[in-house]
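Read the figures in this text as sums done on the coordinates, not as results from a lab. This is a predicted model, so every value here is computed, not measured. Cβ: placed from backbone, ideal geometry, glycine included. Neighbour counts: every protein chain shown.
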2 protein chains.
Amino acid sequence: MMRTRPLKVALLGCGVVGSEVARIMTTHADDLAARVGAPVELAGVAVRRPDKVREGIDPALITTDATALVKRGDLDIVVEVIGGIEPARTLITTAFEHGASVVSANKALLAQDGAALHAAAEEHGKDLYYEAAVAGAIPLIRPLRESLAGDKVNRVLGIVNGTTNFILDKMDSTGAGYQEALDEATALGYAEADPTADVEGFDAAAKAAILAGIAFHTRVRLDDVHREGMTEVTAADFASAREMGCTIKLLAICERAEDGASVTARVHPAMIPLSHPLASVRGAYNAVFVESDASGQLMFYGPGAGGSPTASAVLGDLVAVGRNRLGSTTGPGESAYAALPVSPMGEVVTRYHISLDVADKPGVLAQVATVFAEHGVSIDTVRQQGKDGEASLVVVTHRASDAALGGTVEALRKLDTVRGVASIMRVEGE
Amino acid sequence: MMRTRPLKVALLGCGVVGSEVARIMTTHADDLAARVGAPVELAGVAVRRPDKVREGIDPALITTDATALVKRGDLDIVVEVIGGIEPARTLITTAFEHGASVVSANKALLAQDGAALHAAAEEHGKDLYYEAAVAGAIPLIRPLRESLAGDKVNRVLGIVNGTTNFILDKMDSTGAGYQEALDEATALGYAEADPTADVEGFDAAAKAAILAGIAFHTRVRLDDVHREGMTEVTAADFASAREMGCTIKLLAICERAEDGASVTARVHPAMIPLSHPLASVRGAYNAVFVESDASGQLMFYGPGAGGSPTASAVLGDLVAVGRNRLGSTTGPGESAYAALPVSPMGEVVTRYHISLDVADKPGVLAQVATVFAEHGVSIDTVRQQGKDGEASLVVVTHRASDAALGGTVEALRKLDTVRGVASIMRVEGE
C-alpha cells in the first residue's frame, strides 16, 4: 500500500514550534509514513537567520528565500509557523497557487483573513488546516468541525490563553497582585517580554473568532470580537469572587442568541463558580467547554501552548492533509452557510457582579436599587459593608443585557451617594 | 454547490438512539444538507416491533426486514444502532457488499470483530465510522485517529462507563454501600434491570479494546483486555481511599510498556488522587485522559451515554461519511501497522493499596515486610491499626508488576499471622 514517491513538505519558520515539527518528522519518520501512506520528506526550511545551528536539520534544506521555496511547484504541503499577518499571508496564497496544501498555526492571520484564505484554498482545490492555531495540542477545530457536524452548538466557553491563566491562577492561589504574578510568569517563561497580546486579550480574541466561526458556521472576524484584557483584575476582585464561591478566569465566550438568529463573541475576565470544571484549570493549561443541543456539555482540556503540543497539532493536520493528497481529495473547507449576524457587545446577556463605594447613610441602597430597576436590570443579591462613614455595596444581578448594565452603571456614577464604581465583573458558567 | 440527488440513509434499530437520530435528521435537515453538501434522506428504518408508534417517522419507511433493507443497493449510508453481535455483524457486511458505508454505535461488535469489519469496508472501498461506540458524544475516536496522528500516544486512562461512575460517585459522596447505590442508579434509569455489562466491566472493556487499538495502531480485541468489575468495592475501600487523599473510579487503562515494545489494556476499580482531573468527574459523566509524547496530557469530558449525546456522535459521523461519499473518497481506515504484542495483566506495572487483617502481636510487620521484599515489591508506606488482639495493616507499594504483587499476596495469605486480605486495589493516575 505504501507509495514510493514521498510527500514533500516545506517548513516556513523554524522557531520553537517549527524546530519541534522538524525534529518529530525526522525521529518519527516511519510512524508518519505508515499513518499517511507514503514517506514524508522535509523538502526545505525557510528561516530568517540561516547561520543559527539547527540540530538534526540538513543545512542544505535551509533557505532565507521563503517565496522561492513555496514557488518550487513540487511541494505537497507547506507548514506555516511564522505567525503574524505578512509575509505569512502572501506565502500561504502563493503556496496554494503553486499546488501545495497548507497547515498553519497562525491564529492572528486566520482570525483576520480566514475567509479569504479558505477561498484561495478552495479555488485551487487545496486543503487549509489549522488545528494548532487554537489551544495548542487540544483537538478542538476538528471536533467542532467534524465530530459535532450533526449537532447544533449553542455556546463555546473557554480558557484559551495559558499566560493569563497562569497569572490569574497565581493571583488566586497566593493572593498576589497582577504585577507580581505577571513578573513571575515572565521569569518562568510563561509570559513574553511584551505581554500585551496575552494580557490585553488579543490572542484569546483571535481564537474566539476562529472558534465562533466554526461553531456557528458563520464568518466571525477578529473585529467582531469584544475584547477586554485582565490587567485591571485585583486581589480584591479575587476576594469578592471567593465570597461568591467563584474564581476569576479570562474567558473566550462565543454564544448563539436565545432566538438563534445571531451570535456574539467576546473575551473578558469573568467570575465562574468553583464548581464549574473550568474553575479548576490550573497554571498555563487551556480548556474549552462546548454546549450543544444533542451532546450537552463537552470539555476539552490540555496544554494550550508550547513547542511540543503545538507541533503535535501541526503533525496531526499534516497526516490528514497528506492522506487527502494521496486520495486526491480535500477535507472539509470553510462552512459559513449559516451566515448569522454577529451582534455587538450591548446585546450580550449575562449576570454581573458590581462593587460600589458609597456613602454610609440611610437611603443609599434604595437609591441604588431604583437605578437598577429603572434600567430593567433585576438584582439577585446585595451585600452592604460599612465603617467610618464609608461603605461598600456589592450587587449581583440577574441576567441582563450589557447595554442595560452599561446604562445602569452610568446612572450610578451620577448619584451623589455613589463615590465610585470599584469593579464590574461578569458572572459566567452558571 | 448543492447536489440534487439526496444521500440515502437507512437506520437499523429505532430505540433510544435510533429514534433520536431520525428526529434530528428531520428537524435539522437543512443544516445537515448544508454541512454534507447534499440533502440527506431517511430511506428506511428496520425495527423489531413495527406496530410501535414512532412519532415523526413516515410509517412507510418502517420495515422488519433489515436484510432486505441493506440489500436495496441504492443506499449511501447504513446507520447501525441495534447493538450486539448478530444480526448487526451480518447486516454491516451485507451493507458494504451492496455499496453502502456504515456508521455504527456498536462497541461490543467493534471490540470483538473490528478488524474483520474494517477489512470488509476496505475491500469494498467504503467507510466504517463509530465515534458513538465509545463515550457517547465525547469526540474521542476522531481526535485519537486524526488529531493525534502525528504524535505517539503512551497512555489512555478513562472513565468510560457512566453507570458505574454514578454508583461509585454516590458511594463516595454519601457513604452508601454498593447495593444501595446500585438501587438508586436503577431507580433513576442510570442502570439497566440487569446491570452485569456495566458493573462487571464488560462495557468498559469493549471500549478499552477500541481505544487501545486506535491509540497504539495495533489490533486489540476484547479478549486481550483484563477485566475486573466494581461490585466488590466497599464503603471501607472509600474510607481507605480518602485517608490516602484518593477516590475510587472504575478505570479503563491502555498503556504502552516503558520499552515501547508492547501494550496492555485493562479495566478495574482503582484509587486515583483527588487532585487528578478524573477524580472530579461526577455522576454519569465520562472523561478520558490521553498522554502522548508531544501533546502531554489531554482530557476529553462529557456525557458518556444517553440518546441525544450518542445521536450527536452518530450524526457527526454521518456528515463525515456523507462528505466522503460526495467526494468519492473514504476516511482513514484501520491503522494497525504497529502490530505491537498485547501483554498479559501480569506484566502491568502499577502501585497497590493492600489492607490485611493481622494478629495484633509483635513481629507481624517484620514478617509481612519480608514477604514483600522476597517478591521484589517495594513498600512505600505502612499504616498499622490495632485493638483487642485484632489489627489491620495497610500497605501501599511502589510500582511493581501485577505478577509480583500476585505472588506477594499469595504468600501473605499463607502466613499464620495474616487472618485475611481485606482488599487489594491498584493506585493510578500519579
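For B:ILE82, no residue has an amide H sitting under 5 Å from its own, ignoring neighbours fewer than 5 places away on the same chain, with H placed 1.01 Å from N. Taking 0.36 nm per residue of separation and subtracting the current Cα-Cα distance, fully stretching the chain between B:ASP223 and B:SER378 would add 52.7 nm.
Summary for A:SER275: label point 7 Å along Cα→Cβ; distances to the equivalent points in the other copies, ascending, 2.6 nm. The HN-Hα couplings worked out from phi for the stretch B:409-421 by the Karplus form 6.51 cos²θ - 1.76 cosθ + 1.60 (θ = phi - 60°) are 5, 4, 5, 4, 4, 7, 6, 4, 7, 9, 7, x, 9 Hz, whole numbers, x standing for Gly and Pro. In degrees from 0 to 90, rounded to the nearest 10, what is the angle of the helix B:107-123 Cα long axis to the longest principal axis of chain B? So the inclination is approximately 40 degrees.
In whole angstrom, how far apart do the alpha carbon centroids of the stretch A:95-141 and the stretch A:11-64 sit? Cα centres, the stretch A:95-141 to the stretch A:11-64: 19 Å.
Peptides B:74-87, B:147-160 ranked from most to least packed give B:147-160, B:74-87, packing being the mean of other C-beta atoms within 10 angstrom over each peptide's residues.
Working note: Debye formula, equal point scatterers on the alpha-carbon atoms of the protein assembly as shown, no solvent; log10 I(q)/I(0) at q = 0.06, 0.07, 0.09 Å⁻¹ is -0.44, -0.59, -0.97. Label-point distances for B:ALA115 to the equivalent site in the other copies, using a point 7 angstrom along Cα→C-beta, read 5.1 nm when ranked shortest first. Taking the square roots of 5 times each eigenvalue of the Cα gyration tensor of the stretch B:253-313, largest first, gives ellipsoid semi-axes of 24, 15, 13 Å. How shielded is B:270-282 by partner chains, expressed as the average number of their Cβ atoms within 10 Å of its Cβ atoms? Mean number of neighbouring Cβ atoms from other chains: 1.
Across every pair of non-identical alpha carbons in the stretch A:348-427, the mean reciprocal distance, once inverted, gives a Kirkwood radius of 12.3 Å. For the residues of A:29-35, the average number of beta carbons from a partner chain within 10 Å of their own beta carbon is 4. Descending by average beta-carbon neighbour count within 10 Å, the peptides B:206-212, B:297-303 line up as B:206-212, B:297-303, the highest first.
Indicate, rounded to the nearest 5 percent, the antiparallel portion of the DSSP beta bridges found entirely in the stretch B:141-301. The antiparallel fraction comes to roughly 95 percent.
Placing dummy labels 7 Å off each Cα toward the beta-carbon, the span from A:ASP30 to A:THR64 is 3.9 nm. With Cα atoms as the point set, the radius of gyration and Dmax of the stretch B:131-193 evaluate to 15.9, 46 Å. In chain B, the beta-carbon sitting nearest the axis that superposes B on A belongs to the residue given here with its distance in angstrom, B:THR329, 2. The label point for A:GLU180 and the one for A:LEU326, both projected 7 Å from the Cα toward the Cβ, are 5.6 nm apart. Using every pair of separate Cα atoms, the Kirkwood estimate puts the hydrodynamic radius of chain A at 23.2 angstrom. Which entries in B:LYS107/B:LYS152; A:LYS170/B:LYS249; A:LYS170/A:LYS207; B:LYS107/B:LYS249; A:LYS52/A:LYS170; A:LYS152/A:LYS207 show an alpha-carbon gap greater than 27 Å? A:LYS170/B:LYS249; A:LYS52/A:LYS170, as the Cα separations exceed 27 Å there. Rounded to the nearest 20 debye, the dipole magnitude of chain B is 760 debye, with +1 charges on Lys and Arg beta carbons, -1 on Asp and Glu beta carbons, and the Cα centre as origin.
Across the stretch A:18-25, coupling constants 3J(HN,Hα) worked out from phi with the 6.51/-1.76/1.60 Karplus curve, θ = phi - 60°, read x, 5, 6, 4, 4, 4, 5, 4 Hz, and Gly and Pro carry x. The H on the amide N of A:TYR130, modeled in the peptide plane, is under 5 Å from the matching H of A:SER104, each at least 5 residues off or on a different chain. Each of A:ALA261, A:SER328, A:ILE85 was placed along the dipole of chain A (beta-carbon charges, centred on the mean Cα), and the one lying farthest toward the positive end is A:SER328.
Using the rule -39500 (n - 2.57) for each DSSP H run of four or more residues, divided by the residues of chain A, the 222 nm mean residue ellipticity is -10500 deg cm²/dmol.
Taken along its principal axes, the alpha carbon cloud of the stretch B:302-368 reaches lengths of 77, 34, 12 Å, longest axis first. Neighbouring Cβ atoms from other chains, within 10 Å of the Cβ of residues in B:326-332, number 5 on average. 3J(HN,Hα) couplings calculated from phi for the stretch A:257-269 with the Karplus curve 6.51 cos²θ - 1.76 cosθ + 1.60 (θ = phi - 60°) are, in sequence order, 4, 4, 7, x, 8, 8, 10, 9, 9, 7, 9, 6, x Hz; Gly and Pro show x.
Working note: Debye formula, equal point scatterers on the alpha-carbon atoms of the stretch B:141-301, no solvent; log10 I(q)/I(0) at q = 0.16, 0.19 Å⁻¹ is -0.87, -1.16.
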